[in-house]
Amino acid sequence: MNAQKIPVFTPNSTTDDTQGKTNLLGMSKRELAAFFEQLGEKAFRATQVMKWIYQFGVTDFYQMTNLSKKLQEKLANAACVVPPVVKFKQFSEDGTRKWVFEVAGGSLVETVLIPAEDGKQFGRKTLCISSQVGCALDCSFCSTGKQGFERDLSASEIIGQLWVANQSYMEDVPVNERQNHVTNVVMMGMGEPLLNYEPVVASMSLMLDDNAFGLSKRRVTLSTSGIVPKMYDLAKDIDVALAISLHAPNDKLRDELVPINKKYPLAELIQAAKHYVYDENPRHKKHVTIEYVMLAGVNDTDTHAHELVALLQDLPSKINLIPFNPFPHAPYARSSNNRIHAFAAILNQAGFVCTIRQTRGDDIDAACGQLVGQVADRTRRSAKWQESVAKRQNAQL
């Protein structure tokens, strides 16, 4: 069965359809309470409206039946609930879903939902959310980074991705029977979340809020390439799971694969990760997840595995090996299955919990490292990448 592309009608106007009204999507409970007080209403209205927006997917204030007619009219005149515009969506034959959103300014970002293999209606569904238009970093193995960077996403554009994914399961369900279907969120889409700190933390707070999505703190994961100062801030500001895009066990190789390592080398990164696990907050995180993409002949030898064991020996962590997902003109190849399993065996023998990620959604370019939108690149990285590709092609002629 081929992947299904489903066109979605969108207005010809800009993606910002608020028409001067206040968009309530992405506002915290405190911000909503302040908004209602400005309208001359009680602050508790914030809780009521949050439940309607996030738990029932309602955007029409006249359907919010526990609000008075007068308040419904007041909200209809002053406010709106507007998620990012869906330009199109694709469903993979393995159940993966991908949405392409147009955000303010006309750029495109992508979001992917991966259901558990059991296929149960209310089984685990993990949503991979983008935090930036493009990516400010330039990891050499990631196609997202090759398109360059335009801007950070707002809180409404971030949380709106989760709202749309949940809404896709609610469209034909009566309002009073609706419930959230997305069970897990990973901030692993386009962009580096810790470089867009405040909107990302605000969005994750809504994910955890019982009046909004009510997700468990262990089911919301932020993935970082290693923005060390913000890792310390994160430990103070919110309690979510942490994943680190490591991909190399030594500084020389990581400088090549993940250039931010030149600014925040491994010693600093590992120390920040230890602090996140053993911070002063009594909530104490149990471990961090180490993400390690497997690149044939680059970072996948037995020597690399033993280096990784030594690097992580004092850090409570589990390791997720990710088969490389090729993109056009990528300078790398995926490690063989035998090599990946041999690498994993060394880590397991050293006492680490090591898993091998199953590639999902690659038939719709929704696999890890394949998310590419449409970016007005402020960095000229996309043009430089195309120039380097052309040079390599000419050299082969």
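Name the one entry in PRO323, PRO331 that is surrounded by fewer than 17 Cβ atoms within 10 Å (Cβ to Cβ) and either at pLDDT 95 or above or on the phi < 0 side of the Ramachandran plot (or both).
PRO331
All but one of (1) over 25 Å from LYS29 (Cα atoms); (2) in contact with a helix residue (DSSP H, G or I) (Cβ under 8 Å, 6 or more places away or on another chain); (3) among the aliphatic types (A, V, I, L, M) hold for ALA243; state the number of the condition that does not hold.
For ALA243, the failing item is (2).
Among the residues of the stretch 206-222, is any in a helix (DSSP H, G or I), under 18 Å from LEU312 (Cα atoms) and modelled with pLDDT of 95 or more?
no
So for the stretch 363-370 (the condition being within 25 Å of GLY95 (Cβ to Cβ), within 23 Å of the chain's Cα centre (by Cα), β-branched (Val, Ile, Thr) and modelled with pLDDT under 95), does at least one residue qualify?
Scanning the stretch 363-370, I find at least one residue that is within 25 Å of GLY95 (Cβ to Cβ), within 23 Å of the chain's Cα centre (by Cα), β-branched (Val, Ile, Thr) and modelled with pLDDT under 95, so the answer is yes.
Return a yes/no flag: does the stretch 106-118 have any residue that is under 28 Å from ASP239 (Cα atoms), hydroxyl-bearing (Ser, Thr, Tyr) and assigned to a helix (DSSP H, G or I).
no
In the stretch 118-154, what residues are among the aliphatic types (A, V, I, L, M), modelled with pLDDT of 90 or more and surrounded by fewer than 23 Cβ atoms within 10 Å (Cβ to Cβ)?
Within the stretch 118-154, no residue meets the criteria.
Please go through the stretch 340-354 and pick out each residue that is of a type in the set (Gly, Ala, Ser) and surrounded by fewer than 13 Cβ atoms within 10 Å (Cβ to Cβ).
If the condition is that a residue be of a type in the set (Gly, Ala, Ser) and surrounded by fewer than 13 Cβ atoms within 10 Å (Cβ to Cβ), then GLY351 is the only one that fits.
If you take the residues of the stretch 297-320 that are aliphatic (A, V, I, L, M) and surrounded by 20 or more Cβ atoms within 10 Å (Cβ to Cβ), which of them is nearest to TYR276 (Cα to Cα)?
The residue in question is LEU312.
For every residue, the table says whether it meets (1) assigned by TED's automatic domain parsing to the domain that holds CYS139; (2) over 15 Å from SER140 (Cα atoms); (3) outside any strand (DSSP E or B).
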{"position": "VAL293", "(1), (2), (3)": "yes, no, no"}
{"position": "VAL298", "(1), (2), (3)": "yes, no, yes"}
{"position": "HIS304", "(1), (2), (3)": "yes, yes, yes"}
{"position": "GLU307", "(1), (2), (3)": "yes, yes, yes"}
{"position": "LEU315", "(1), (2), (3)": "yes, yes, yes"}
{"position": "ALA330", "(1), (2), (3)": "yes, no, yes"}
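Here's the yes/no breakdown for (1) assigned to a helix (DSSP H, G or I); (2) under 15 Å from the mean Cα position of the chain (by Cα); (3) under 16 Å from GLY134 (Cβ atoms):
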position: ARG151; (1), (2), (3): no, no, yes
position: GLN161; (1), (2), (3): yes, yes, yes
position: ASN176; (1), (2), (3): yes, no, no
position: VAL182; (1), (2), (3): no, yes, no
position: GLY191; (1), (2), (3): no, yes, yes
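Can you tell me how many residues in the stretch 155-164 are touching a strand residue (DSSP E or B) at 6+ places or on another chain (Cβ under 8 Å) and crowded, with 23+ Cβ neighbours inside 10 Å?
Of the residues in that region, 5 qualify.
The values are calculated or read from the model by the stated rules, or taken from the named source; none is laboratory data. No experiment lies behind these values; they were computed from the predicted model shown. Please note: Cβ atoms are built from the backbone with ideal geometry, for glycine as well, and neighbour counts cover all protein chains shown.
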